[in-house]
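Structure, as structure tokens:
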Amino acid sequence: MNKKISNLHFLHTVVTFGLILTGLILYSQFLRGILSSLRSYVRDIHIFAGILFIFSIVAYCVILTRTWGKISGQYDRKLMNLTAITLAVGLALTGILLLTYTDLQNSLDISALSLHRILAIIGIPAVFYHAVTGWFSITRQAGVDGPVSADKGFISSRRVFIRWTASAGALLSGLVLAKWFLFSKDTTLPGVKGKYKDCNKMDPLPVPSLGSVPPIGGGYKGNFEVFTVTQIPCATSAGWQFRVFGLVDNPLTLTWTKFLDIPRQVQVSDFYCITGWTVTHCTFEGIPLSRLLTLAGLQPNAKYVKFYSSDGVYTSALSLEQALMKDVMVAVLIDGEAIPSDLGGPARLIIPQMYAYKGVKWLNAIELIQEPHIGYWESRGYANDAWVK
Ligand SMILES: Nc1nc2c(c(=O)[nH]1)N[C@H]1C(S)=C(S)[C@@H](COP(=O)(O)O)O[C@H]1N2
Ligand SMILES: [Mo]
């Protein structure tokens, strides 16, 4: 039994080490910048280690219920065990929640992410301490039970030494982690800046929320081809406005500042151009279209939603039902950066479940209408319902 527990503690220590290391790499934009080619492997390893971690928690719980009686009276040990397990379960649950984030995003995932980080700050040193002291104390017990009786003084002084070292280590790593998570502002990830041109002059720039920085999707993979049927329009915050009009009760004309006041959401999605190229893991932040439509107040005869671009040429449209899908958004940030003019900024439509020709760039107006509208590419032969696959 002791051997088993000792092995478990060892496995747990290794797994925990792996989780800390990969977790830090995933969190750190700097390390991720350096290791960008390994990014998705790091995530996979983190997930794999997380699964092992969950197994070891379950094993712990099983052992703990068996040995609970034996440690009766040792309240500090019980408390330590319970705290460690609570934290571990919290980390596992939030981790599982984060696994399910795809393109149907909401505040739940953002809360899961911040909770996962906070639990890591508290939890990793605690769990680590637990694993190290547990592993050593059981190795020690095994030694005592063995044929060669060890020197008691040595054992107790070694135990004290290990406890102190582990406590100090846990405290120190806790402080370092806390500093890293709470106060670091590393922005060295090669993003869209430099890669794509931005002639927009928007002031203020949208402030990315948690989830955008660092991007919850780990940074987009692939390359956008800059598609446009016109010259690329350049916007200024003073000249820019966003309208929602047509069959609505309260037509909206929003300035850039008013537009930025509307709460946004962060979601990760893939971007498919029907001509065959794809960009995956894009972390978009924007206003859910349904929120804008609600603000404007839909009239009963509003059946379709038409989208206009400030290029004055490009349009597209969705049925109301499609427009109300919760992952349809008017995005202003990609991977935590303002969407550059090349990619349709300051605001563009994102419809993760449809081909990108539905995603109007330089979006500046939305009209609620009663009859279907056939957009730019739709009128040139592309399907009006552009579902991917
Ligand atoms: N205003 C406008 N929006 C547009 C287009 C366009 O030419 N003009 N092209 C569409 C197509 S076909 C694609 S694939 C995507 C390309 O987005 P990107 O240039 O950001 O890669 O934008 C879509 N939205
Ligand atoms: Mo496209």
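Some values worked out for this structure:
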item	result
Flag if residue 261 is among the acidic types (Asp, Glu) and within 30 Å of the chain's Cα centre (by Cα)	yes
Residue in the range 319-328 that is surrounded by fewer than 23 Cβ atoms within 10 Å (Cβ to Cβ) and at pLDDT below 95 present	yes
Members of the range 310-319 that are more than 16 Å from ligand 2 (Cβ to nearest atom) and part of a loop (DSSP other than H, G, I, E, B)	310, 312
Matching option when the condition is within 16 Å of ligand 2 (Cβ to nearest atom) and not basic (Lys, Arg), among 338, 356	356
In the range 341-376, the residues that are charged (D, E, K, R), within 20 Å of residue 255 (Cβ to Cβ) and over 24 Å from the mean Cα position of the chain (by Cα)	367
Any chance residue 239 is away from ligand 1 (no atom under 16 Å from the Cβ) and crowded, with 16+ Cβ neighbours inside 10 Å	no
The range 370-384, residues that are within 13 Å of ligand 2 (Cβ to nearest atom) and either closer than 15 Å to residue 359 by Cα or touching a Phe, Trp or Tyr at 6+ places or on another chain (Cβ under 6 Å) (or both)	375, 376, 377, 378, 382, 383
Any hit, the range 272-294, residues being within 13 Å of ligand 1 (Cβ to nearest atom), surrounded by 19 or more Cβ atoms within 10 Å (Cβ to Cβ) and of a type in the set (Ser, Thr, Tyr)	yes
Restricting the range 345-359 to residues that are of a type outside the set (Lys, Arg) and within 19 Å of residue 260 (Cα to Cα), the residue that is farthest from ligand 1 (Cβ to nearest atom)	346
Test: residue in the range 243-266 that is among the β-branched types (Val, Ile, Thr) and at pLDDT below 90	no
Residue list for the range 194-220, restricted to those being within 16 Å of ligand 1 (Cβ to nearest atom), charged (D, E, K, R) and outside any loop (DSSP other than H, G, I, E, B)	none
Index of the failed condition, residue 284 passing every other in (1) within 16 Å of ligand 2 (Cβ to nearest atom); (2) within 17 Å of the chain's Cα centre (by Cα); (3) among the aromatic types (Phe, Trp, Tyr)	(1)
Hey, residue 276 within 16 Å of ligand 2 (Cβ to nearest atom) and at positive phi or not	yes
Residue check for residue 223: part of a loop (DSSP other than H, G, I, E, B), polar (S, T, N, Q) and more than 22 Å from residue 356 (Cβ to Cβ)	no
Residue 243, sole failed condition from (1) within 16 Å of ligand 2 (Cβ to nearest atom); (2) assigned to a strand (DSSP E or B); (3) of a type outside the set (A, V, I, L, M, F, W, C)	(1)
Members of the range 259-273 that are within 11 Å of ligand 2 (Cβ to nearest atom) and in a strand (DSSP E or B)	271, 272
Any chance residue 302 is of a type in the set (A, V, I, L, M), away from ligand 1 (no atom under 16 Å from the Cβ), touching a Leu at 6+ places or on another chain (Cβ under 7 Å) and touching a residue at least 60 places away in the same chain (Cβ under 8 Å)	yes
Options 89, 132, 144: the member that is within 19 Å of residue 10 (Cβ to Cβ), at pLDDT 60 or above and either hydrophobic (A, V, I, L, M, F, W, C) or in a helix (DSSP H, G or I) (or both)	132
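Here is a yes/no grid of residues against (1) free of Cβ contacts under 8 Å to residues at least 60 places away in the same chain; (2) under 16 Å from residue 212 (Cβ atoms); (3) outside any strand (DSSP E or B); (4) among the hydrophobic types (A, V, I, L, M, F, W, C):
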| position | (1), (2), (3), (4) |
| --- | --- |
| 321 | yes, no, yes, no |
| 326 | no, no, yes, no |
| 342 | no, no, yes, no |
| 346 | no, yes, yes, no |
| 349 | no, no, no, yes |
| 365 | no, no, no, yes |
| 372 | no, no, yes, no |
| 376 | no, no, yes, no |
| 383 | yes, no, yes, yes |
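The values are calculated or read from the model by the stated rules, or taken from the named source; none is laboratory data. Keep in mind that this is a model prediction, so the values were computed, not measured. Cβ sites come from the backbone with ideal geometry, for glycine too, and all protein chains shown count toward neighbours.
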